[in-house]
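Down below is the structure, laid out as structure tokens.
Only the coordinates and a few stated rules stand behind these numbers; no lab work does. Remember, it's a predicted structure, so these values are computed and weren't measured experimentally.
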Amino acid sequence: MDYMKLSKELSYALRHAPWEYELELDEEGWVDIPQLLIALHESPKWREVTEEDLEQMIAGSEKKRHEINAGRIRALYGHSTPQKISKIATQPPEWLYHGTPGHAVASIMEHGLQPRQRQYVHLSADRNTARQVGLRRDDHPVILRVQAGQAERDGILFYHGNENIWLADVIPARYIDQEDPVGS
Ligand code: HQG
């Protein structure tokens, strides 16, 4: 079974369009696995998918995008559904990073980091993760550095996504700078 394709399908269902699978996310983004499997089994591609496949897909994935607990599954970040997933605000590390294409930098330095199509701004715990995120859109992404600790002390809320990804509400430009303007 192609776990990468399965992961993409699950991200689509659990982040963006649960209604296409007749699923409803609860406040924290969870759905019951049996219900998810019923929906997946309608597609010939996923007729054989089991709960063990979901577990293996998560265990084998480079990025921890989904989690399973007590018969339920959810996406850990990335949501764009109209109903905002509720998260518990948590103290972030002092510095977080954000990889973005060069053409977005001027706008970010003017308007701050915005969630755009998603519910939250996505930040990376380290520069390498930020670089990987930025590489999705630009061969030479810019790594922005975010004063997360100071922003949080000033009242901006941060939330844990997975061990590499943090979520936040809008981050004003005064907390953001470009560590290495020539890029690396
Ligand atoms: C940019 C993937 C102009 C922002 C990744 C980004 C991540 C602005 C884009 C996760 C802006 C939004 C999320 C402003 C923000 N002006 N551009 N004021 N504020 N932007 O995809 O953070 O593989 O919604 O810099 O790895 O790139 O799917 O967010 O370029 O973890 O699991 O607007 O999604 O994970 O793009 O990526 P996105 P992101 P998965």
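Quick check on the chain: helices-only [θ] at 222 nm, where DSSP H runs of length 4 and up contribute -39,500 (n - 2.57) each and the sum goes over total residues. Nearest 500, please.
-7500 deg cm²/dmol
For GLY112, enumerate residues with amide H under 5 Å from its amide H, sequence gap 5+ or separate chain, H modeled in the peptide plane.
It is ALA173, by chain and number.
Determine ³J(HN,Hα), in whole Hz, for all residues of the stretch 160-171 in sequence, where each value follows from phi through the Karplus function 6.51 cos²θ - 1.76 cosθ + 1.60 and θ = phi - 60°; x replaces Gly and Pro.
Values per residue, Gly and Pro as x: 7, x, 9, 5, 9, 10, 10, 10, 7, 7, 3, 10 Hz.
In whole Hz and in residue order, list the ³J(HN,Hα) couplings for the stretch 96-109 that follow from phi through the Karplus curve 6.51 cos²θ - 1.76 cosθ + 1.60, θ = phi - 60°; x for Gly and Pro.
10, 10, 8, x, 8, x, x, 5, 8, 5, 4, 5, 5, 6
Need one word for the chain: rounded, prolate or oblate. Basis is the Cα gyration tensor (sqrt eigenvalues a ≥ b ≥ c); a/c below 1.5 gives rounded, then a/b vs b/c decides.
Taking the square roots of the gyration eigenvalues as a ≥ b ≥ c, the chain is prolate.
For the stretch 53-122, what size does the Cα cloud have along each of its three principal axes, sorted from largest down, in whole Å?
Result, largest extent first: 44, 26, 26 Å.
Could you tell me whether the stretch 3-75 comes out rounded, prolate or oblate from its Cα gyration tensor? Rule is a ≥ b ≥ c as square roots of the eigenvalues, rounded for a/c under 1.5, then prolate if a/b exceeds b/c, otherwise oblate.
Because its axes are fairly even, with a/c under 1.5, the stretch 3-75 counts as rounded.
Sort out for me the Cα centre separation of the stretch 16-85 from the stretch 122-184, rounded to whole Å.
27 Å
For TRP166, what residues show an amide H to amide H distance below 5 Å, using hydrogens built from the backbone and excluding near sequence neighbours?
Counting only residues 5 or more places away or on other chains, the set is LEU123, SER124, ALA125, GLY161.
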